[in-house]
Amino acid sequence: MKDFPNPFLRSGLLAVLAAGALIIFRPGVAAGAQAPAAGDGWILGVAEVPAPQAPGAKVRTAARIEVLAGQVGQGAAPLQAVAAEQAAQQVADGALDAWVGVWTGADASAAGVRVSRLAWSASPMAIMRTDTDIRAWSDLSGRTVCLSADGRVPGELSARFGAIEQIYASAADALLALRIGQCDAAVQDEDFMKQLLAFPEWRKFSAQLAPYRSQALTRLVRDDLSAPRDAAVRQATSPQRLRELARQQARDIAFEVYLDQTVPDCH
């Protein structure tokens with residue numbers, strides 16, 4: 001792949017070949033990130049839990065960073081799907097130890113819950129080829145936008161801007177579709193897109209639309225958590241850990257795109 005000269009991709013592919021193409025991944029996990037302390041076990045709520053990866057299916061990293069935060073190594077937290085509207089009450093009732101996601105505060109009246117804003121921008125950001133004629137979100141009217149099914153904006157861009165949404169199973173599939181010319185733009189969390197664009201392979205796709213609205217991740221934690229559980233939650237969702245996960249998530253997804261790209265970038 002001449003369009004992927006970056007050493008981390010070349011060396012990654014060589015490592016795969018040298019190992020007989022045997023790579024050990026857990027579905028939806030950013031490989032290589034350090035796991036949080038196991039504590040005495042804890043349960044993390046998120047808005048959506050990825051379906052288990054089918055045997056033999058292609059490796060695909062989850063689009064939502066909060067899914068990755070509790071899913072690495074022996075300290076992984078069991079995930080439970082809980083809508084944002086029920087998150088605070090579920091945490092207060094003890095069904096969850098913590099919940100992370102885009103939270104509106106609709107059920108903020110629940111007592112016994114600590115609310116923290118996390119250092120992760122989940123604001124929708126678009127990237128496109130550098131030779132695009134799209135200059136504003138309104139220019140997406142009648143244009144195709146690639147989205148991942150586990151992203152945060154399916155349905156929103158068509159309703160708000162008249163875009164033609166093409167939904168793919170994963171972030172890697174959506175970004176691959178952008179690279180080979182199947183859509184005019186791709187949209188994902190702002191902080192993820194910024195990490196992705198740091199790779200030279202994505203320079204040709206560095207045209208971007210800044211978020212049209214702002215949203216960050218929020219963490220809800222039970223006030224009466226035991227010290228080990230509280231420490232595990234804080235470690236798993238600390239700003240430093242989110243940054244580490246973000247870098248590895250972008251690297252993993254970029255590599256997944258690279259392995260699947262069997263045709264040149266659209267010119």
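The values are calculated or read from the model by the stated rules, or taken from the named source; none is laboratory data. Nothing here was measured: the structure is a model prediction, and the numbers come from that model. Glycine also receives a Cβ, built like all others from the backbone with ideal geometry; neighbour counts cover every protein chain displayed.
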Q | Of the criteria (1) at pLDDT 95 or above; (2) assigned by TED's automatic domain parsing to the domain that holds Val100; (3) of a type outside the set (Gly, Ala, Ser), which one Arg203 fails | A | (2)
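Looking only at region 203-218, count how many residues are among the hydrophobic types (A, V, I, L, M, F, W, C) and within 23 Å of Ile164 (Cβ to Cβ). Talk me through it step by step, then tell me what you get.
Here is the first cut: in region 203-218, the residues among the hydrophobic types (A, V, I, L, M, F, W, C) are 205, 207, 209-210, 216-217.
Right, trim to within 23 Å of Ile164 (Cβ to Cβ) and you get 205, 207, 209-210.
The qualifying residues number 4.
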Q: Run Ser238 past the list (1) of a type in the set (Ser, Thr, Tyr); (2) without any contact (Cβ under 8 Å) to a residue 24 or more places away in the chain; (3) within 20 Å of Asp150 (Cβ to Cβ) and report the number of the one that doesn't hold.
A: (3)
Q | Leading residue by the ranking (farthest from Ala216 (Cα to Cα)) among those in region 109-126 that are at pLDDT 90 or above and among the hydrophobic types (A, V, I, L, M, F, W, C) | A | Val113
Q. Out of the residues in region 140-186 that are touching a Gly at 6+ places or on another chain (Cβ under 8 Å) and in contact (Cβ under 8 Å) with a residue 40 or more places away in the chain, which is surrounded by the fewest Cβ atoms within 10 Å (Cβ to Cβ)?
A. Leu140
Q | Residue count, region 134-180 (criterion: touching an Asp or Glu at 6+ places or on another chain (Cβ under 8 Å), assigned to a helix (DSSP H, G or I) and of a type in the set (A, V, I, L, M)) | A | 5
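Among what's in region 216-229 and is in contact (Cβ under 8 Å) with a residue 40 or more places away in the chain and part of a helix (DSSP H, G or I), pick the residue that is farthest from Val153 (Cα to Cα).
Taking region 216-229 first, the residues in contact (Cβ under 8 Å) with a residue 40 or more places away in the chain are 216-226, 228-229.
So of that shortlist, the ones also part of a helix (DSSP H, G or I) come out as 228-229.
Numbers: Pro228: 35, Arg229: 32 Å.
Among residues in region 216-229 that are in contact (Cβ under 8 Å) with a residue 40 or more places away in the chain and part of a helix (DSSP H, G or I), the one farthest from Val153 (Cα to Cα) is Pro228.
Considering each of Gln53, Gln86, Gln74 in turn, give the residue that is of a type in the set (S, T, N, Q), modelled with pLDDT of 85 or more and either over 19 Å from Gln235 (Cα atoms) or surrounded by fewer than 23 Cβ atoms within 10 Å (Cβ to Cβ) (or both). Lay out the reasoning, then the answer.
Working: Gln53 fails: modelled with pLDDT of 85 or more; Gln74 fails: modelled with pLDDT of 85 or more.
Just a single option satisfies the conditions, and that option is Gln86.
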Q: Hey, can you tell me all the residues within region 81-129 that are of a type in the set (S, T, N, Q) and either closer than 25 Å to Ala63 by Cβ or part of a loop (DSSP other than H, G, I, E, B) (or both)?
A: Gln86, Gln90, Thr104, Ser109, Ser116, Ser121, Ser123
Q) For region 183-200, which residues satisfy the criterion of being under 18 Å from Ile167 (Cβ atoms) and small (Gly, Ala, Ser)? A) Ala185, Ala186
**Q.** Residues of region 106-123 satisfying the condition of being out of contact with any Leu (no Cβ under 8 Å at 6 or more places or on another chain) and either buried (at least 17 other Cβ atoms within 10 Å of the Cβ) or without any contact (Cβ under 8 Å) to a residue 40 or more places away in the chain (or both)
**A.** Ala106, Asp107, Ala108, Ser109, Ala110, Ala111, Ser121, Ser123
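Does Ala210 satisfy the criteria of being under 29 Å from Ile43 (Cα atoms) and either aliphatic (A, V, I, L, M) or at pLDDT 95 or above (or both)? Can you show your working first?
Details: under 29 Å from Ile43 (Cα atoms): no; either aliphatic (A, V, I, L, M) or at pLDDT 95 or above (or both): yes.
For Ala210, the condition - under 29 Å from Ile43 (Cα atoms) and either aliphatic (A, V, I, L, M) or at pLDDT 95 or above (or both) - is not met.
Out of all the residues in region 185-215, which are assigned to a strand (DSSP E or B) and in contact with a helix residue (DSSP H, G or I) (Cβ under 9 Å, 6 or more places away or on another chain)? Outline the logic, then answer.
Of all residues in region 185-215, those assigned to a strand (DSSP E or B) come to 185-189, 207-209.
If the condition is that a residue be assigned to a strand (DSSP E or B) and in contact with a helix residue (DSSP H, G or I) (Cβ under 9 Å, 6 or more places away or on another chain), then Ala185, Ala186, Val187, Gln188, Asp189, Gln208, Leu209 are the ones that fit.
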